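Since the structure comes first, as structure tokens, the remarks are kept for the end.
The values are calculated or read from the model by the stated rules, or taken from the named source; none is laboratory data. In this text the structure is predicted, and so the values were computed from the model without any measurement. Methodologically, a virtual Cβ is constructed for each residue, glycine included, from the backbone with ideal geometry; neighbour enumeration extends over all protein chains shown. Ligands, DNA and RNA are excluded from the accessible area calculation, which covers all protein heavy atoms including side chains. Shrake-Rupley method; radii C 1.70, N 1.55, O 1.52, S 1.80 Å.
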Amino acid sequence: MSKVTIKSIVQQFDLEVVSGWDQLDRRRVTVADLYRPGLELAGFFTFHPVERLQLLGKTELSFIEGLTKAERQERFDRLCHPEIPCFILTRNYDVPSELVQAAQEKKVPILRTEMATTRFASKLTNYLEKLLAPTTTMHGVLVDIYGIGVLITGSSGIGKSETALELVKRGHRLVADDAVEITQTEEGSLVGHAPDLIRYLLEIRGLGIINVMTLFGAGAVRDKKRISLTIHLEAWQEKRQYDRLGLDEEKVRIIDTELPKLIVPVRPGRNLAVIIEVAAMNFRLKRLGYHAAQQFVQKLGEVIDEGDEID
């Protein structure tokens, strides 16, 4: 599970540390959701999500000012759970002394920002979602073909890198070769990029490692791309029945997202770059509502029906 330290959040947003300096490296954030504990300050603690960052804005602080000193002390004592990552006050509001006392006892840091609550919450959520997004690494090649992110997979030596080189020569853009780091930025959306060490590099057996950006220019590469289609290359098997119409649509699950999967058999004489290029074009047409295989089957059915009527 990905984790973000409170210290990194302080540095990213230039937050003021009111108390808890010694806890900044120890405290970790594991979820991107924030929480405004208004109900808890009113006395309702049944469903208090202590794993979230606790955000206190004008609404919460105005409410707590209307309570007696004893009530404020009791609410903050219950609010300061030891598992809370930290409290963050917005708009540079004064920190209630009862909160400072309770937070110090439970060793929970208190931070403060000048930003308005809504604006800060939006920025912090985006920051946490980016860092805490589920990630994985796959062996393959990611290429941008006519705006479609195509992930090419297959066993070692099947010809993935050579195919990618031919696609680059045909005007498409390389994203990653050999290792593709994939992040699920949101539900149903996967973004792939290359590890920093091998960015823009392509390994061709017999030739070695080449720098695609240096050889073909900046227009031949891109840093990241949303993955829309996966194509698996495998050695031709004589006894296997391959899809010849395009009606069977296989899926592959990466993290929590399913993507269309095409299986392309490899044997001498087949131009894999052209086949993959056409597959990407055909995929884009399907998204626009045109499905050649379905229209063929529909027309074939109409011809058969007409023949039956003549008989």
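Structural remarks
- With a Förster radius of 30 Å applied to the C-beta separation of residue 125 and residue 146, the computed FRET efficiency comes to 0.35.
- Basic side chains Lys and Arg get +1 at the Cβ, acidic Asp and Glu get -1 at the Cβ, and with that the dipole of the chain about its Cα centre reaches some 960 debye.
- Distance between the modelled labels on residue 81 and residue 196, one decimal in nanometres: 3.6 nm (7 Å Cα→Cβ projection).
- Leading residue at positive end of dipole, the chain (Cβ point charges), from 46, 73, 101: 101
- For residue 18, the amide hydrogen comes within under 5 Å of the amide hydrogens of 110, 111, 112, counting only partners 5 or more places away or on other chains and with H modelled in the peptide plane.
- From the coordinates shown, mean projected area of the Cα convex hull in nm² corresponds to which of (1) 16.6; (2) 25.0; (3) 15.7: (2)
- Close amide H contacts of residue 152 (hydrogens built in the peptide plane, cut-off under 5 Å, sequence separation of 5 or more or a different chain): 141, 142, 143, 231.
- Signed unit charges on C-beta, dipole axis of the chain, positive-most listed residue 113, 82, 175: 113
- A DSSP coil position with no more than 15 other Cβ atoms inside 10 Å describes the following GluC sites (Glu not before Pro) in region 202-311: 238, 249.
- Each of residue 7 and residue 68 was given a label point 7 Å from its Cα along the Cα-to-Cβ line. The distance between the two points is 4.4 nm.
- From phi via Karplus (6.51, -1.76, 1.60), per-residue ³J(HN,Hα) for region 152-157 in Hz, x at Gly/Pro: 9, 10, x, 5, 4, x
- Solvent-accessible surface of protein heavy atoms, probed at 1.4 angstrom with all chains present, puts 136, 183 in the order 136, 183, largest first.
- For the chain: relative contact order, % (alpha-carbon pairs under 8 angstrom, 6 or more apart): 13 percent
- Here residue 59 and residue 226 are evaluated by their C-beta separation; at R0 = 35 Å the FRET efficiency comes out at 0.40.
- Rounded if a/c under 1.5, otherwise prolate or oblate - region 125-166, Cα gyration tensor axes: oblate
- For region 20-30, Karplus couplings with θ = phi - 60° (6.51, -1.76, 1.60), whole Hz, Gly/Pro x: x, 4, 6, 9, 5, 7, 8, 7, 10, 10, 10
- Global form of region 120-265, assessed from the alpha-carbon gyration tensor, a/c cut-off 1.5: oblate
- The GluC sites (Glu not before Pro) of region 1-52 that DSSP puts in a loop, and whose beta carbon has at most 15 other beta carbons within 10 Å, are 51.
- Region 107-166: trypsin sites (Lys or Arg not before Pro) falling in loop per DSSP and having at most 16 other Cβ within 10 Å: 107
- Solvent exposure ordering (accessible area, 1.4 Å, most first) of 283, 296: 296, 283
- About its Cα centre, the dipole of region 202-311 is roughly 980 debye, where the only charges are +1 on Lys and Arg Cβ and -1 on Asp and Glu Cβ.
- Long-range amide H partners of residue 190 with built H, under 5 Å: 227
- Rounded if a/c under 1.5, otherwise prolate or oblate - region 1-102, Cα gyration tensor axes: prolate
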